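The values are calculated or read from the model by the stated rules, or taken from the named source; none is laboratory data. Keep in mind that this is a model prediction, so the values were computed, not measured. So basically every Cβ, Gly included, is an ideal-geometry build from the backbone, and we count neighbours across all protein chains shown.
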Amino acid sequence: MDHDAALRATLRRHRAFAGFLLVVMAGLTLLAYALPPSQGADLLAAAAKAGLVGGLADWFAVTALFRHPLGLPIPHTAIIPAQKERLGRGLGRFVANQVFTEAELRRVLGGLDLSEILRGFLNDPAATRPAAQALARMLPRLLSTLEDGRARRLMSRLLPRMAGGPGAAAVVARALRALLASGRHQAVFDAAIAQLKTIMLGKEEQLKSAIAARVR
C-alpha cells in the first residue's frame, strides 16, 4: 500500500507539471499574438502553438486509452475498458505463440544444470535454513490434512524416493534441527501420533482379525 501511495503521488506530481507546461504554452501563444509583428514574435508563436497542440494531442491520446475525454462518449475512446477481454486474449496468444514456445522452453531448460543448482542450494546454510524453518512450520498442518486417502497414498510413494535421494539426509537433519530450535518438534510429534491413532481406529477390525489369525 505504501508503494502504491508513492506511485500515486509521483503520478500527481508529473500530471501537475505537464498541466503547468500546457498552461505556459497557451500563455506564450496569447503573448505571441499580443506582441508587435516581428520575426521573433512569429518564431515564438510557432513554437508555442506547436507545444500547445502537441500537449493537447498527447493528453487526448493517453486519456482515450483509459476513459472518455471530458466524459464525452467520443467514438474509439475508453479503448482498454471496452476491449480489455479481446486485448487480453490477444496478449495471451502472443505470449503462448511467440514467447513461451516449446523450442524456447527446451532451450532455456536445456541450459539449466538443475542438479548443480540443487546441490548449491543444499550446501548453503543461509538458503536452506529458511526452507527448513518453513518446512517445520508446515509439517503439523500438512499432517493434519492427510485424512484424504489419495494424499496419503501419494505421500507414501513420494517420501521413500525423497528420503533415498542424494542430499536428503542433510535436508532432514536441518529440518529436525530447526524443529528442535523453534520448539515445534512436539507439535509435529503430536500431529503424527494423532494421525497414527486415526489410521489405527479406521483399521481396528482388520487389525483384530489379523491378530486373531496369528495369535493362538
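For the range 137-216, please list each of the helices (runs of 4 or more DSSP H) lying entirely inside it that holds at least 1 residues being at pLDDT 75 or above.
Once the helices (runs of 4 or more DSSP H) in the range 137-216 are filtered for at least 1 residues that are at pLDDT 75 or above, what remains is 168-182, 185-202, 204-214.
Scan the range 66-106 residue by residue and report those that are surrounded by 10 or more Cβ atoms within 10 Å (Cβ to Cβ), at negative phi and not in a helix (DSSP H, G or I).
Within the range 66-106, ARG67, HIS68, ILE74, THR77, PHE100, THR101 meet the criteria.
When you go through ARG67, ARG89, ARG119 one by one, which is the residue that is under 29 Å from ARG174 (Cβ atoms) and basic (Lys, Arg)?
Answer to the check: ARG119.
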